[in-house]
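K.L.:
Quick one: this structure, given as structure tokens, is what I'll be asking you about.
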Amino acid sequence: MATIPNVVGPSWPARSRNQDLERTINLYPEIPDGGATPKNAQGALYGTAGLAPFATLSAGPVRGIFAQDGRVWAVGGNFLCEIFASGNVSAYPLDLAVDDNPVTFSSNGTAGNQILITSGGLLYILDLTTNTLSHISSVNFLTPARMGVFLDDYFIVMKGDSRQLFLSALLDGTSWDILDVFEVSKFSDNVQAIAVSHEVLWVFGSQHSLPYVDTGDSNIPFQPMPQTLVEHGVLSPFSVVQLDNTLYYQAQDAQGAMQVVKLNGYTPQIISTFGMQTYMETALTGANVIGWTWQESGHAFYQMYFPTLPTSPVFDVSTGLWHERALWDPTIRFWRPHVGRCHAYGFGLHLVGDRQSATVYRQSLNQLQDLLIVNAGTVAA
């Protein structure tokens, strides 16, 4: 912990060095709350969460991780694996399709005992009653299946490069009808991402967004909410995450891109500062950003992985301040992005998937070092 006066603050890499060039890397500011009057009322800098190996999947990198009801699954490379509390791993005997996108998971709970997985543009169902994984090969009409969510007993899958969304049968992700489809008509952009928040299906285009609600209509149950078209879309589809009772994402509209926003009701609220947006704009592209979240010690964090930035920007919802996470490369004496790109909370642990290897790490603010797996050897970073 650092308590140096007049130094405690967020990352703010301004365009002009004369204005500010503060970088808070692998530290995050904590401001006193609840009326506390500590010795250092300005606050303190605490070390960011460290990583220790927990499990090794059958292949890498880790493309997604999901936890529910005391069980944890992760996709590494082309394999779905179940991870156990002991750290042991069991792989399912079915290869998954692979592309550059993360895997998505959605579940219909104990009512349907199914988990829907989208991977490499294809659709898979994990049946929890038989513990079997199946490729749903009868759904060529919705290929490429880019993302899936669950709402009101329906699995909803977004077809890539289109404005179409398909509905499964009630509580059955193995049954799909080509007629159970609705197409966005309120805007002309292709759908980039879908997400669920507060029983609302959010449909994001590249320059517009729209909330849909279940009206109970027997033909097309999900209808757009009247007068709620948002003229703000998504730049990076997999930057959209649920955190702190709303959605966070990297936005885009007809005037430009790269702002990071959160939904305040039905209105995007900008949370990226001038300095952090300036830094993000140095990336070659923002379209392949991956966002992930976790909360610990009263803080809720939204972390962004930019493949072409040397550090990973992190927004602390609890303070409204930005910091960065990174790995120091002693060979080239330069920062590299943090290895994490997905998270699940299982077995009472924060489990983080490695974007480069088959390792799933246990992450904790009490872990003072990153103990990373490099060429089958454990090294401290």
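Values in this text are rule-based calculations from the coordinates and carry no lab data. All of these numbers come straight from a predicted model, not from anything done at the bench. Backbone-built Cβ (ideal geometry, glycine too); neighbour counts: all protein chains shown.
K.L.:
Sort out which residues of the stretch 329-351 are surrounded by fewer than 17 Cβ atoms within 10 Å (Cβ to Cβ) and in contact with a Phe, Trp or Tyr (Cβ under 6 Å, 6 or more places away or on another chain), and write them in order of number.
P.N.:
Those that are surrounded by fewer than 17 Cβ atoms within 10 Å (Cβ to Cβ) and in contact with a Phe, Trp or Tyr (Cβ under 6 Å, 6 or more places away or on another chain): none in the stretch 329-351.
K.L.:
Separate question: For D177, only one of the following conditions fails: (1) surrounded by 15 or more Cβ atoms within 10 Å (Cβ to Cβ); (2) under 22 Å from I115 (Cβ atoms). What is its number?
P.N.:
(1)
K.L.:
Is there any pair linking a residue in the stretch 315-329 that is in contact (Cβ under 8 Å) with a residue 12 or more places away in the chain to one that is assigned to a loop (DSSP other than H, G, I, E, B) and small (G, A, S), with Cβ under 6 Å and at least six apart or on different chains, and which?
P.N.:
W322/S11; H323/S11; E324/S11; L327/A381
K.L.:
While we're on this one: Which of the residues that make up the stretch 258-311 are farther than 24 Å from L21 by Cβ and aliphatic (A, V, I, L, M)?
P.N.:
Those that are farther than 24 Å from L21 by Cβ and aliphatic (A, V, I, L, M): V261, L263, A287, I290, A300.
K.L.:
Being in a loop (DSSP other than H, G, I, E, B), in contact with a Phe, Trp or Tyr (Cβ under 8 Å, 6 or more places away or on another chain) and buried (at least 19 other Cβ atoms within 10 Å of the Cβ): is that true of Q192 here?
P.N.:
On the way: in a loop (DSSP other than H, G, I, E, B): no; in contact with a Phe, Trp or Tyr (Cβ under 8 Å, 6 or more places away or on another chain): yes; buried (at least 19 other Cβ atoms within 10 Å of the Cβ): yes.
For Q192, the condition - in a loop (DSSP other than H, G, I, E, B), in contact with a Phe, Trp or Tyr (Cβ under 8 Å, 6 or more places away or on another chain) and buried (at least 19 other Cβ atoms within 10 Å of the Cβ) - is not met.
K.L.:
Only one of these is of a type in the set (F, W, Y) and closer than 29 Å to H343 by Cβ: F166, F182, F187. Name it. Show your work before the answer.
P.N.:
On the way: F182 fails: closer than 29 Å to H343 by Cβ; F187 fails: closer than 29 Å to H343 by Cβ.
Result: F166 is the single residue among F166, F182, F187 that is of a type in the set (F, W, Y) and closer than 29 Å to H343 by Cβ.
K.L.:
Is there a residue being closer than 21 Å to L349 by Cβ, surrounded by fewer than 17 Cβ atoms within 10 Å (Cβ to Cβ) and not small (G, A, S) anywhere in the stretch 84-99? If you could, list the steps in order and put the result at the bottom.
P.N.:
We begin by selecting, within the stretch 84-99, every residue closer than 21 Å to L349 by Cβ; these are 84-91.
From the residues that got through so far, the ones that are surrounded by fewer than 17 Cβ atoms within 10 Å (Cβ to Cβ) too are 84-88, 90-91.
Narrowing the set further to residues that are not small (G, A, S) leaves 84, 88.
Scanning the stretch 84-99, I find at least one residue that is closer than 21 Å to L349 by Cβ, surrounded by fewer than 17 Cβ atoms within 10 Å (Cβ to Cβ) and not small (G, A, S), so the answer is yes.
K.L.:
If you don't mind, another one. Which residue pairs have Cβ atoms closer than 8 Å, lie 6 or more positions apart in sequence or on different chains, and pair a first residue in the stretch 338-354 that is under 18 Å from Q369 (Cα atoms) with a second residue that is among the polar types (S, T, N, Q) and not in a strand (DSSP E or B)?
P.N.:
Close Cβ pairs (under 8 Å, with a partner that is among the polar types (S, T, N, Q) and not in a strand (DSSP E or B)) amount to H338/T311; V339/Q356; V339/S357.
K.L.:
Further question on the same structure: Working only within the stretch 60-112, note down all residues that are of a type in the set (D, E, K, R) and assigned to a loop (DSSP other than H, G, I, E, B). Before you say what the answer is, go through the steps one by one.
P.N.:
Going through the stretch 60-112, the residues of a type in the set (D, E, K, R) turn out to be 63, 69, 71, 82, 95, 99-100.
Result: D69, D95, D99, D100.
K.L.:
For the structure I just gave you, tell me whether V139 is within 22 Å of G70 (Cβ to Cβ) and buried (at least 17 other Cβ atoms within 10 Å of the Cβ).
P.N.:
On the way: within 22 Å of G70 (Cβ to Cβ): no; buried (at least 17 other Cβ atoms within 10 Å of the Cβ): yes.
In short, no.
K.L.:
I'd like the residue in the stretch 43-59 that is hydrophobic (A, V, I, L, M, F, W, C) and part of a strand (DSSP E or B) and, out of all such residues, is nearest to P32 (Cα to Cα). So that I can check it myself, show each step before the final result.
P.N.:
At the first step, the residues of the stretch 43-59 found to be hydrophobic (A, V, I, L, M, F, W, C) are 44-45, 49, 51-52, 54-55, 57, 59.
Filter once more, keeping what is part of a strand (DSSP E or B): 44-45, 51-52, 54-55.
On the way: A44: 9, L45: 12, L51: 26, A52: 29, F54: 33, A55: 36 Å.
Filtering the stretch 43-59 for residues that are hydrophobic (A, V, I, L, M, F, W, C) and part of a strand (DSSP E or B), the one nearest to P32 (Cα to Cα) comes out as A44.
K.L.:
Taking the stretch 218-233 as the search range and keeping residues that are more than 18 Å from Y154 (Cα to Cα) and out of contact with any Pro (no Cβ under 8 Å at 6 or more places or on another chain), which one is surrounded by the most Cβ atoms within 10 Å (Cβ to Cβ)? Break it down into steps so the answer makes sense when it comes.
P.N.:
To start, the set of residues in the stretch 218-233 that are more than 18 Å from Y154 (Cα to Cα) comprises 225-233.
Going one step further and asking which of them are out of contact with any Pro (no Cβ under 8 Å at 6 or more places or on another chain), we end up with 226-227, 229, 231, 233.
Details: P226: 7, Q227: 6, L229: 15, E231: 12, G233: 25.
Residue satisfying both the conditions and the ranking: G233.
K.L.:
F315 passes all but one of (1) in contact with a helix residue (DSSP H, G or I) (Cβ under 9 Å, 6 or more places away or on another chain); (2) surrounded by fewer than 22 Cβ atoms within 10 Å (Cβ to Cβ); which number fails?
P.N.:
It fails just one condition, (2).
K.L.:
When the stretch 225-239 is examined, which residues are found to be over 27 Å from I290 (Cα atoms) and in contact with a strand residue (DSSP E or B) (Cβ under 6 Å, 6 or more places away or on another chain)? Let's see the steps before the verdict.
P.N.:
Taking the stretch 225-239 as the starting set, the residues that turn out to be over 27 Å from I290 (Cα atoms) are 225-227.
Hit for the stretch 225-239 is M225, nothing else.
K.L.:
Determine whether L263 is over 14 Å from the mean Cα position of the chain (by Cα), touching a residue at least 60 places away in the same chain (Cβ under 8 Å) and within 22 Å of E199 (Cβ to Cβ). Working first, answer last.
P.N.:
Numbers: over 14 Å from the mean Cα position of the chain (by Cα): yes; touching a residue at least 60 places away in the same chain (Cβ under 8 Å): yes; within 22 Å of E199 (Cβ to Cβ): yes.
The answer is yes for L263.
K.L.:
Go through the stretch 195-233 and report how many residues are aliphatic (A, V, I, L, M) and not in a strand (DSSP E or B).
P.N.:
Matching residues across the stretch 195-233 total 3.
K.L.:
Still on this model: Determine whether N245 is more than 17 Å from Y305 (Cα to Cα) and within 17 Å of the chain's Cα centre (by Cα). Please lay out each step first, then the result.
P.N.:
Numbers: more than 17 Å from Y305 (Cα to Cα): yes; within 17 Å of the chain's Cα centre (by Cα): yes.
Yes; evaluated as a whole, the condition is true for this residue.
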